[in-house]
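Engineer: Pasting a structure below so you can have a look.
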Amino acid sequence: MAQRILLVDNSPPVVAALRRFLHGTGLEVQAVSPAAGLEGVDPSSFAVAAVRPGTPEGQAALAALRAADPTLPVVLLLDDEEEPAARVPAEGSLVAPLTRTAVVALFGALARLRTAEARVAHLERIQAARPVTLPDYEFLKKLLLVEVKRSRRYHYPVSLALIAVDGWRERAARLDESLRSALLGELLALVASGVRDIDLPLLYDGERLLVFMPHTDVLGARTVADRLVQRARTRPGGLTVSVGVASYDGEGTMSFSSLVRGAADALQEAQAKGGDRAEHGTPRSRRDPAPPT
């Protein structure tokens, strides 16, 4: 769905230039007359606003925008960078003559920032409404170790998946710590909604997610992994993930660390093949007799 740019300027050349430059970028321009004010316009529904502040009508429109939505990014359209209006506080400015490169870069960056801030605010509202106490990781690790031992004793299958965002390091380098945490938190919620309530999804090492699946054999694990890859594709923003899976059938010997290594090997293989896929690995284990019952 296209994001909208609110242009408070009814100058035909400016309107035409912005619409031409932003065509095909996922940004649509809606122009309103400065003289008409913001009557019937909801600034919060726009990604960015653009105003010509050099006129009394433009200054009034800018004040109305700030009052209606203080978080809305505003771009000043200037005829001269030396004009007094250039000193008005804003998130960005463009000086005539407008160029495609400058318009696309500035409006695109501010629209992405608007989307990221909205996502963080949404996650904060969820957290405030449903405060969650994060479990201690060492406790979870002990729980997983016990579950693997139980699967050996009672001969039932278990599987483990490691999930990584494709191109994570490059993506993370463009985000500050809060946005990185928000993105991983959103991905964890997406993963949790795609597995059973007896499965255990958690953030594993700061950039990968782990899902432990008791009573899940190879075929079941592959189905879950493929589903998680598909679910990640539905998230806006062009994000894809790679998934590595390892399974234990309940026979012979197996350890939690062996499952993790097998899943890590499979994850590396999925990434080497271009990502946006799931691969199933073989845990590094011995086929020793099962422990006595």
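The values are calculated or read from the model by the stated rules, or taken from the named source; none is laboratory data. Just so you know, these numbers come straight off a predicted model, no measurement behind them. Here the Cβ positions follow ideal geometry from the backbone for every residue, glycine too, while neighbour counts run over all protein chains shown. SASA here: full protein model, heavy atoms, side chains in, ligands and nucleic acids out. Shrake-Rupley method; radii C 1.70, N 1.55, O 1.52, S 1.80 Å.
Engineer: Roughly how far apart, in whole Å, are the Cα centres of the range 187-225 and the range 1-73?
Structural biologist: 44 Å
Engineer: Please calculate the 1.4 Å probe accessible area of Glu170, with all protein chains present, and give it to the nearest 10 Å².
Structural biologist: Counting only protein heavy atoms, the figure is 120 Å².
Engineer: Also, quick follow-up: Between Thr115 and Ala63, what is the spin-label point distance in nm, taking each point 7 Å from the Cα along the Cα→C-beta axis?
Structural biologist: Modelled inter-label distance: 3.5 nm.
Engineer: Rounded to the nearest percent, how much of the accessible area of the chain (1.4 Å probe, protein heavy atoms only) is carbon and sulfur?
Structural biologist: 55 percent
Engineer: Tell me the trypsin sites (Lys or Arg not before Pro) within the range 139-188 that lie in a loop according to DSSP and have at most 10 other beta-carbon atoms within 10 Å.
Structural biologist: Arg174
Engineer: Stretched out fully, how many nm does the piece from Asp197 to Tyr154 gain, at 0.36 nm a residue minus the Cα gap?
Structural biologist: Result for the pair: 13.4 nm of gain on full extension.
Engineer: Now for a separate question. Using only Cα atoms, tell me the angle between helix 56-68 and the longest principal axis of the chain; keep it within 0 to 90° and round to the nearest 10.
Structural biologist: On a 0 to 90 degree scale, this one is about 30.
Engineer: Something else about it: I need the P(r) histogram for the range 1-102: all alpha carbon pairs, bin width 5 Å from 0 out to the longest distance, whole percents.
Structural biologist: Cα pair-distance distribution for the range 1-102, in percent: 2, 13, 25, 28, 20, 10, 1, 0.
Engineer: Right, another one. Can you give the accessible area of Leu219 in Å² (nearest 10), computed on protein heavy atoms with a 1.4 Å probe?
Structural biologist: Near enough 120 Å² of accessible area.
Engineer: Moving on. What share of Cα pairs, in percent, lie more than 23 angstrom apart in the range 185-293?
Structural biologist: More than 23 Å apart: 26 percent of the Cα pairs in the range 185-293.
Engineer: A further question follows. If I model the range 75-118 as equal point scatterers sitting on the Cα atoms and use the Debye formula, what is log10 I(q)/I(0) at q = 0.17, 0.18, 0.28, 0.30 Å⁻¹?
Structural biologist: So the normalised log intensities are -0.51, -0.56, -0.99, -1.05.
Engineer: Just the number, please: percent antiparallel of the DSSP beta bridges in the chain, rounded to the nearest 5.
Structural biologist: 50 percent
Engineer: Of Pro12, Pro214, Pro53, which is the most mobile in a GNM of the chain whose springs link Cα atoms less than 10 angstrom apart?
Structural biologist: Pro12
Engineer: To the nearest 10 degrees, how steeply does helix 12-22 sit against the main Cα axis of the chain, on a 0 to 90 scale?
Structural biologist: The answer is roughly 20 degrees.
Engineer: Only Cα pairs under 8 Å and at least 6 apart count here; give the relative contact order of the chain as a rounded whole percent.
Structural biologist: Reported as a whole number, the value is 14 percent.
Engineer: Okay, moving on. As an exercise, find the ratio Rg/Rh for the range 23-63 from alpha-carbon atoms, using the Kirkwood inverse-distance average for Rh.
Structural biologist: Reported Rg/Rh, Kirkwood definition of Rh: 0.99.
Engineer: Moving on to the next point. In whole Hz, with x marking every Gly and Pro, tabulate ³J(HN,Hα) for the range 255-261 from phi via Karplus 6.51 cos²θ - 1.76 cosθ + 1.60, θ = phi - 60°.
Structural biologist: These are the phi-based 3J(HN,Hα) values: 10, 4, 5, 5, 5, 5, 5 Hz.
Engineer: Of the candidates Val241, Val41, Val165, which one comes out as most mobile in a Gaussian network treatment of the chain with C-alpha springs shorter than 10 Å?
Structural biologist: Sorting by GNM fluctuation, first place goes to Val41.
Engineer: Translational D (Stokes-Einstein, µm²/s) of the chain at 37 °C and 0.692 mPa s when Rh comes from the Kirkwood sum over C-alpha pairs?
Structural biologist: The calculation lands on 147 µm²/s.
Engineer: Related question: On a 0 to 90 degree scale, rounded to 10, what angle separates helix 100-129 from the longest Cα axis of the chain?
Structural biologist: 50 degrees
Engineer: Calculate, for the chain, the solvent-accessible area per residue in square angstrom, rolling a 1.4 angstrom probe over the heavy atoms of the protein chains.
Structural biologist: On a per-residue basis, 54 Å².
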